[in-house]
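Can you keep this structure in mind? I'll have questions shortly.
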Amino acid sequence: MPVDICSQQHTLLSSRSGTTDTSLSLNSLSLNSALPPTDPDHHHNPHNMNKLCRQVSIESPGPGAKNCVFNFFVPIEDTPALGARIRIVCAGACYRRRDRSNSITSMSSVSSELSDYCPSVNSMSSPAHQGIREGSFFPGFEVAGVIESLGSEITEANNRGLRIGQRVIVYPFDETPAGYAELLVVPDLKHVVPIPDSLPMEVAAMLPTGALLAMNAVFKAQAVVTQILSQRAATEPKRKCKILIVGTGGLALWAVRIASYHFASTGADNVDITVASLRDEGFRLATEIKNVSVVQWNECLYEPQLIERTKDVCGGAVDVVIDFGTTSRSLHRSMHCLSKGGVVLISDEVAEKLLPKFSRLSNEYQQEIIPISNGTAEQLAELVELVANKKIEPPPHSVFPCEQAAEVITKLCNSEIPGRAILRFHDIE
């Protein structure tokens, strides 16, 4: 059975006479108490597993549970013949709802929903009162580390320029192993993206999901903006295109930074960007970004007041909304801030739930709602270069030892950590 992270770590490490090496043989200790509960839906893995590694499991709490963070030693499979095994240095705290797809969101971007999943909140609608225990809420897909080993069939001809000991991040692929662990097996090198020495590991760990989703949304927004400006060129050549970015944390802060750089670098000086922040912290951080207007969506105000306030700040109805909100209310408000014929971009992780509800309204307003996917490995490589060369500055972030995971989750639930939270498993720098 899982136990508290501190006591689990002490019990297992003390059996090794004080050593801190967590790469253990399967024969060195009993797995009955070290392994997490068996998942009945998990398919049998045919790969050999001759090694143990530490994994932090961040789960929704069961009834009466004091903590929702646990520490296990789990078997790790051998390096795939055409893949690699990565020694994780940093992992970004990320989150997803159980009713969503495999898309991943930075935890700071949805902290308003986290109260439903945190033990410190006493809402009777919380899964803590329903006995739900689900580790995939916090999958830990944002990782940066070094290549520990390459597969037996990797040669100079097919190694994609990768080598043992190289610093890398991992593009989230189908069936990416869940959990924050010291080792991660990648079946194909196409999912491994190298990072330069100049890029800190904690910054690199933020790129594979939240930053990449934001980048893909900005690219789609540019395509929409280009089309709109082309249509106005003959009659309104000086009219600016207005973009509203809606969000609460990491996603919106990445999007506004990427958008500011991207539109400036492409010569699109006729674009105005406004950020609608759902939190005081996000409002403060957004105001620090140059040439960007900010409006706070204070939930204490009536909807008509918020919509009017937003239009005043934006200088009228906007042409494009990048909405990283996760609720019907957020999307409904965004559409009322949008001009006729405008476009709303939403994450595909919420599109399945929201699109059916808003199809009639979008037709009535002659607006389009477009789902945005997480982006490609090629885009991730481009993003690495831009951030490493300091052309795009990362949002604020804080780094914590993985042993403090329980404390970090509690602080995130209470919005006590500005920007992103990063867990560090090893210190190589």
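Which of the residues that make up the range 369-381 are in contact (Cβ under 8 Å) with a residue 12 or more places away in the chain and of a type outside the set (Val, Ile, Thr)?
Scanning the range 369-381 gives PRO371, SER373, ASN374, GLY375, ALA377, GLN379, LEU380, ALA381.
Any residue that is open to solvent by less than 10 Å² (accessible area, probe 1.4 Å), within 21 Å of the chain's Cα centre (by Cα) and closer than 30 Å to VAL170 by Cα - is there at least one of those in the range 361-370?
Of the residues in the range 361-370, the ones open to solvent by less than 10 Å² (accessible area, probe 1.4 Å) are none.
No, because not a single residue in the range 361-370 is open to solvent by less than 10 Å² (accessible area, probe 1.4 Å), within 21 Å of the chain's Cα centre (by Cα) and closer than 30 Å to VAL170 by Cα.
Here is a follow-up. Please find, among VAL343, VAL350, the residue that is assigned by the TED database to the domain that holds LEU251, of a type outside the set (Lys, Arg) and farther than 22 Å from ASP272 by Cα.
Going through VAL343, VAL350 in turn, the sole match is VAL350.
When you scan the range 137-159, do you find a residue that is modelled with pLDDT under 55, buried (at least 19 other Cβ atoms within 10 Å of the Cβ), touching a Pro at 6+ places or on another chain (Cβ under 8 Å) and in a helix (DSSP H, G or I), even just one?
No; the residues of the range 137-159 include none that is modelled with pLDDT under 55, buried (at least 19 other Cβ atoms within 10 Å of the Cβ), touching a Pro at 6+ places or on another chain (Cβ under 8 Å) and in a helix (DSSP H, G or I).
So for the range 346-355 (the condition being open to solvent by 10 Å² or more (accessible area, probe 1.4 Å), in a strand (DSSP E or B) and without any contact (Cβ under 8 Å) to a residue 40 or more places away in the chain), does at least one residue qualify?
For the range 346-355, residues open to solvent by 10 Å² or more (accessible area, probe 1.4 Å), in a strand (DSSP E or B) and without any contact (Cβ under 8 Å) to a residue 40 or more places away in the chain: absent.
In addition: Regarding the range 225-237, can at least one residue be identified that is touching a residue at least 60 places away in the same chain (Cβ under 8 Å), closer than 30 Å to ALA421 by Cα, open to solvent by less than 10 Å² (accessible area, probe 1.4 Å) and not assigned by the TED database to the domain that holds ALA91?
Initial filter on the range 225-237 (touching a residue at least 60 places away in the same chain (Cβ under 8 Å)): 225, 228.
From what is left, the residues that are closer than 30 Å to ALA421 by Cα are none.
No.
Being open to solvent by 70 Å² or more (accessible area, probe 1.4 Å) and touching an Asp or Glu at 6+ places or on another chain (Cβ under 6 Å) is the filter here, so list the residues in the range 238-270 that pass it.
The one that is open to solvent by 70 Å² or more (accessible area, probe 1.4 Å) and touching an Asp or Glu at 6+ places or on another chain (Cβ under 6 Å): LYS240.
Quick one: count up the residues across the range 378-395 that are surrounded by fewer than 17 Cβ atoms within 10 Å (Cβ to Cβ), of a type outside the set (Lys, Arg) and either part of a loop (DSSP other than H, G, I, E, B) or modelled with pLDDT under 85 (or both).
Qualifying residue count, the range 378-395: 2.
Considering (1) under 22 Å from GLY161 (Cα atoms); (2) among the charged types (D, E, K, R); (3) in contact with a Gly (Cβ under 8 Å, 6 or more places away or on another chain), say which one ASP197 fails and leave the rest.
(3)
The values are calculated or read from the model by the stated rules, or taken from the named source; none is laboratory data. It should be emphasised that the depicted structure is a prediction, and the values quoted were computed from it without experimental measurement. Glycine gets a Cβ as well: all are built from the backbone with ideal geometry, and neighbour counts include every protein chain shown. Please note that ligands, DNA and RNA were not included when accessible areas were found on the heavy atoms of the full protein model with its side chains. Shrake-Rupley method; radii C 1.70, N 1.55, O 1.52, S 1.80 Å.
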